[in-house]
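Worksheet for the structure shown next.
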Amino acid sequence: MSTSHVILGDGIAGSSAAETIRETDPDANITVITEEGEALYNRILIKEFAKGKLPEAPISIHEPDWYDDRNIDLELNTHVTGVDTAEKLIHTYDSGTYSYDKLLIGTGGTPIQLPVENADAEGIHNFWTFQDARIIREHAAEAEKGIVIGAGLLGIDLAAICGAQGVDAKYLMRGNRWWRYALSSDGAEIIHDALENIGVEPVFESGLDYFEVDDSGHVSGVVDTNGVTHETDFVGVAVGLDYNTEFLEGTPVDVDDGVIVDQHMQTNVEDVYAAGDITRYLDVILQDRTQNGTWGSAKEQGAVAGTNMVADDTIEEFRYVPSYSITHFDFPFLSFGHPTIGDSHAERKYSEDEWRRLTFKNGKLIGGVLIGDLSQQSTFKKIIRQERPVADQKEKLLEKDVDMDALAPSAIE
């Protein structure tokens, strides 16, 4: 009898799992359930679409034929309301019930809604789905003034969209710099200058108090925590995700700001797995639990989960160094590993738009940020995977071209 695999979510994690299951077990029954109305698309490229740089065509990854050709049932516009892990049933709002032998949760998250006055006004945008990108592209093309809230990796995409669409925008940041948990002032200054060059003004030490609206219910202003009112007709908000776990209420699945999984992507409940943004996974390199929302990480997690779902026992381990790139400026930007945590750092500025910062924990390299020159990323990722103590060799790691042979033998064995 064929095994029934149900995958909740058609992002890259769920799709990667489905593809892995099909390649491993030609006879498996595979059903992918998603709330969205379209099949897998490239979340990396939707920012370029929203900037007006790309047409819709390159954004889509899977046409319906992709699923048909692999004998995978794709259920679009399907809202899951609950899971019965004892009976192995998936309950939906109006699409019936699905039974499973193995279940993968890859439902990701939903942008956090700010608990402030008029947060639901027209003209205030979150940026997460392809449909969000369509709406933002259309509105930004006609907007005159904009405000961006959220000084992180998603917020800067909204800032870049404003710049590309000619919106006169201000970027409100609660701290004294962009992405202050990963960048020092020297690194952030490069980003601030680049934002100004595309027509976006960084405003520091300035959080959100509330939104003002006009008589039609459209946003007309942002009042910041300093009492300053910024006129606007376009607002982009990126302050984090609420993970889509509400349908797991009442189940024994371990949930804590995401779904808890081990290094095999398995939850605490037999035959239930999770992959992608939603997971709080055991990072075997860090030897700690962490979360990561990059495309490559989600794809690899899906493949690991799919392999283990088909296997008689958990055979595949998720061991991965994630990275995230920004391509909005004249220089490249890449973060790798876990640059926002650690107990020590080392950094160097090489030129006006070239900078490097490395993050260490317990003597080991765990992450970093590269601006301007990405040539050493493979070297740094290799050192992270080796789990060797190198924190006492910071000067060698800050050399423009890192000489692996010059590192102490214990660092490269």
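The values are calculated or read from the model by the stated rules, or taken from the named source; none is laboratory data. None of the values given here were measured: they were computed from a predicted structure. We place every Cβ from the backbone using ideal geometry, glycine too, and count neighbours over all the protein chains shown.
Quick notes
- Any helices (runs of 4 or more DSSP H) falling wholly within region 1-118 and containing at least 3 residues that are closer than 30 Å to Ile326 by Cβ and touching a Gly at 6+ places or on another chain (Cβ under 8 Å): 12-24
- Residues that are of a type in the set (Asp, Glu), closer than 17 Å to Thr307 by Cβ, within 25 Å of the chain's Cα centre (by Cα) and surrounded by fewer than 20 Cβ atoms within 10 Å (Cβ to Cβ) do not occur anywhere in region 31-41.
Conditions tested, residue by residue: (1) of a type in the set (A, V, I, L, M, F, W, C); (2) within 20 Å of Leu154 (Cα to Cα); (3) in contact with a strand residue (DSSP E or B) (Cβ under 8 Å, 6 or more places away or on another chain).
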| site | (1), (2), (3) |
| --- | --- |
| Val6 | yes, no, yes |
| Asp10 | no, no, yes |
| Ser15 | no, no, yes |
| Glu19 | no, no, no |
| Lys51 | no, yes, no |
| Leu54 | yes, yes, no |
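- Within region 207-218, residues that are within 15 Å of Phe234 (Cα to Cα) and of a type in the set (Asp, Glu) have Cβ atoms under 8 Å from residues that are modelled with pLDDT of 95 or more and part of a strand (DSSP E or B) in these pairs: Glu212/Val219; Glu212/Ser220; Glu212/Gly221; Glu212/Val222; Glu212/Val223; Glu212/Thr229; Asp214/Ser220, counting only partners at least 6 apart in sequence or on another chain.
- Condition broken by Asp254, with the remaining ones in (1) among the acidic types (Asp, Glu); (2) under 17 Å from the mean Cα position of the chain (by Cα); (3) at pLDDT 95 or above satisfied: (2)
- Considering residues of region 267-278 that are surrounded by fewer than 20 Cβ atoms within 10 Å (Cβ to Cβ) and in contact (Cβ under 8 Å) with a residue 40 or more places away in the chain only, the residue nearest to Gly9 (Cα to Cα): Asp271
- Among residues of region 211-228, those that are over 12 Å from Leu172 (Cβ atoms) and surrounded by fewer than 16 Cβ atoms within 10 Å (Cβ to Cβ), counted: 6
- Only one entry of Ile90, Ile7, Ile33 meets the criterion of being at pLDDT 95 or above and touching a helix residue (DSSP H, G or I) at 6+ places or on another chain (Cβ under 6 Å), and that entry is Ile7.
- Residues that are in contact with an Asp or Glu (Cβ under 6 Å, 6 or more places away or on another chain) and assigned to a loop (DSSP other than H, G, I, E, B), drawn from region 286-313: Gly293
- Tyr320 more than 14 Å from the chain's Cα centre (by Cα), buried (at least 16 other Cβ atoms within 10 Å of the Cβ) and under 28 Å from Gly155 (Cα atoms): yes
- Filtering region 42-53 to residues that are on the phi < 0 side of the Ramachandran plot and either of a type in the set (Lys, Arg) or surrounded by fewer than 16 Cβ atoms within 10 Å (Cβ to Cβ) (or both) leaves Arg43, Ile44, Lys47, Lys51, Lys53.
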